[in-house]
Amino acid sequence: MWPDPWVMAVAVPAVIFAGVSKGGFGSGAAFAAAPILALAIDPRMAVGLMLPLLMLIDVFTLKSFWKQWHTPSALALALGSLPGIALAIWLFQVADVDTFRLLIGGIAILFVVYQLARTWGVLKIPDRPFDPVTGGLAGTVAGFTSFISHAGGPPVAVFLLAQGMGKTTYQATSVIVFWAINLLKFVPYAALGIFTRETAVLDLWLAPAALLGAWLGVKAHHIVPEKPFFALTYVLLLLTGTKLIWDALT
């Protein structure tokens with residue numbers, strides 16, 4: 001079965017971008033792929049399409065950061081994600097497609113606002129030692145936003161960066177946390193019908209793009225400056241988030 005050329009034209013660069021982000025720059029920016037895809041297909045189908053590809057990227061990148069994570073933080077975040085995932089499951093059963101356009105678009109724009117506030121010093125993350133309760137709360141928010149649009153990065157980043165983690169420990173902990181959260185999301189996605197025959201076919205076509213992106217990301221982790229990469233992410237998210245909100249309201 002040949003996929004729709006327009007969908008592939010949008011999906012291939014989006015999936016490569018997700019792979020580069022997860023492989024080399026933390027998981028946060030990888031969720032840009034879902035809003036981009038939601039411009040071409042149903043937003044619920046977009047998140048369903050991305051999950052197997054993100055899981056494939058997780059497996060590829062996990063070995064590059066094996067056992068370099070902070071285990072207590074990873075456990076607190078992963079276990080804390082469970083109530084957030086449960087809330088998102090309920091929402092998927094009662095909300096319509098425009099609700100998800102609004103949610104994904106709003107999360108995209110809020111992500112940019114959060115990142116710029118940190119960059120400009122408006123939002124400062126105070127240093128604090130590891131706290132399992134705070135980790136559980138961050139995991140709950142991450143579980144909900146990750147289930148809705150694969151956008152669990154910000155709460156995880158706030159919790160991890162407050163501990164003063166180095167770049168590689170932060171990256172490794174992010175990778176293992178979202179590997180676990182994505183596994184937890186898989187069965188509910190299947191039960192809710194977010195996976196379809198069409199998304200499965202598209203996943204097969206897009207798997208090489210996901211692996212290419214992950215490989216590029218691992219290589220880029222040590223040689224590519226973060227600022228240009230995230231600047232591109234912010235532009236993409238502002239444009240796609242605005243378009244999704246417009247489509248939902250008109």
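The values are calculated or read from the model by the stated rules, or taken from the named source; none is laboratory data. As the structure is a prediction and not an experimental result, all values here were calculated from the model. All Cβ positions, glycine included, derive from the backbone under ideal geometry; neighbour counts span all protein chains shown. Ligands, DNA and RNA are stripped out before the accessible areas are found, and what is left, the full protein with its side chains, is counted by its heavy atoms. Shrake-Rupley method; radii C 1.70, N 1.55, O 1.52, S 1.80 Å.
Just a few scattered comments:
- Counting only helices (runs of 4 or more DSSP H) wholly contained in segment 134-231, the ones carrying 2 or more residues that are open to solvent by 30 Å² or more (accessible area, probe 1.4 Å) and not β-branched (Val, Ile, Thr) occupy 167-191, 197-220.
- Restricting attention to segment 130-162, the residues that are in contact with a Lys or Arg (Cβ under 7 Å, 6 or more places away or on another chain) and on the phi > 0 side of the Ramachandran plot total 0.
- None of Ala46, Ala74, Ala32, Ala14 is modelled with pLDDT under 80 and buried (at least 16 other Cβ atoms within 10 Å of the Cβ) except Ala32.
- Looking across segment 53-71, just one residue is crowded, with 21+ Cβ neighbours inside 10 Å, at pLDDT 85 or above and outside any loop (DSSP other than H, G, I, E, B), and that is Leu53.
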